[in-house]
Amino acid sequence: MKTTALNDKHKALGAKMVPFAGYEMPVQYEGVNIEHETVRNHLGVFDVSHMGEFLIEGPNALALIQSVSSNDASTLTVGRAQYSCLPNDTGGIVDDLIVYRLKPETYLLVVNASNIEKDWNWIVSKNHMGAIIRNLSDDYALLAIQGPKAIEAMQSLTGLDLKSIKFYHFEVGDFAGIEHVIVSATGYTGSGGFEIYCKNSEVKQIWDMVLEAGHDFGIKPIGLAARDTLRLEMGYCLYGNDIDDTTSPIEAGLGWITKFSKAFTNAEALQRQKKLGVKKKLVGFELQDRGIPRHGYAIANASGDTIGRVTSGTMAPSLKKGIGMGYVSTEFANVGTHINIQIRKKSIPAIVVKTPFYNV
């Protein structure tokens, strides 16, 4: 099993370590609810160095990215980032990712840890135009500093003007005594903050200085369990749960990152889906009674017929109610539709709602 460069730091802080995507990762320190509320109200720092990073360079870099990704990367200027996905040839999704434009002919692709090898092989197989590709995943670390106090707490560590970095924008500069660090406003919690990309050899210094600078602002280290509840309250998709090789971006409500102004893998089939409609859609729902929806639970109509499956679910710490996402037959996908979640032997009433569940 792989470890991140901060593995010993997590253990010294008393983290509960678990296997995740081939890595030993901290799932929690003090507890999921405490860590969740810390990020919502104050400030937390996550080690997400298990994520993958691919560098794509050269005069054909954009052509490769355009051919494999659903969003339109030609709209990116240097200093901007974009959420996108890699469609497969059969209507599903290889992975979701973030594309950063570092220089005019240099792009950084950040992919999910569990999909690094799969994504690499997929992109390489599509590189008919000869773009230069490098897998930097084993050499780079990634910290997510998330929460409403992130700007105020971290400004002392950098010469960059943090408040000027807009959502899905980034700067490259000094941070915590290290030069050439990527500071990006692309967190996945909905509570603001930054993601910090640096080399493995630099991340311990940055981690220590982040915790020191954030001390008076209530900073705490946060595990992957709270990262999951935070992203779910925002209605953000998790690969392997809400999207996978069998779910299309149109079904998943990701039409907004699926741009048909260019050619890309399986674009014609996805465009037909958008025009003709799909048989199932990913929806958000809130339980109307006590219970916790879990991945794989059946979703039923009033007659008890199965109409879908839960893909993600939790007792939302910020909302104090059961929430979830799942695919349902399209006729049950409208906001306000009453459905039922089969929790063990009980049928718990729920209602389809618009996401995000939590409004900052």
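FYI, it's all coordinate maths here, none of it is from the lab. Worth saying up front: this structure is predicted, and the values here are computed from it rather than measured. Heads up, the Cβs are rebuilt from the backbone with ideal geometry, glycines too, and the neighbour counts pull from every protein chain shown.
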Those trypsin sites (Lys or Arg not before Pro) in region 99-166 that DSSP places in a loop and that have at most 11 other beta carbons within 10 Å: Lys166
Nearby lysines by direct alpha-carbon distance to Lys320 (threshold 21 angstrom, same-chain neighbours under 8 apart not counted): Lys346, Lys354
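Students often get this wrong, so check it: of Lys118/Lys281; Lys118/Lys149; Lys279/Lys321; Lys199/Lys220; Lys149/Lys279; Lys281/Lys321, which have C-alpha atoms separated by over 32 Å? Show your work: numbers first, answer last.
Details: Lys118/Lys281 26 Å; Lys118/Lys149 37 Å; Lys279/Lys321 29 Å; Lys199/Lys220 22 Å; Lys149/Lys279 43 Å; Lys281/Lys321 23 Å.
In this structure, Lys118/Lys149; Lys149/Lys279 lie more than 32 Å apart at Cα.
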Most mobile of Ala213, Ala12, Ala263 in a GNM of the chain (Cα contacts under 10 Å): Ala12
Environment charge at Ser184 (Cβ cut-off 14 Å; Lys +1, Arg +1, Asp -1, Glu -1): 0
Projected label distance in nm at Ile34 and Leu136, using a 7 Å step from Cα toward the beta-carbon: 3.6
Span from the region 176-236 Cα centroid across to the region 118-162 one, whole angstrom: 12
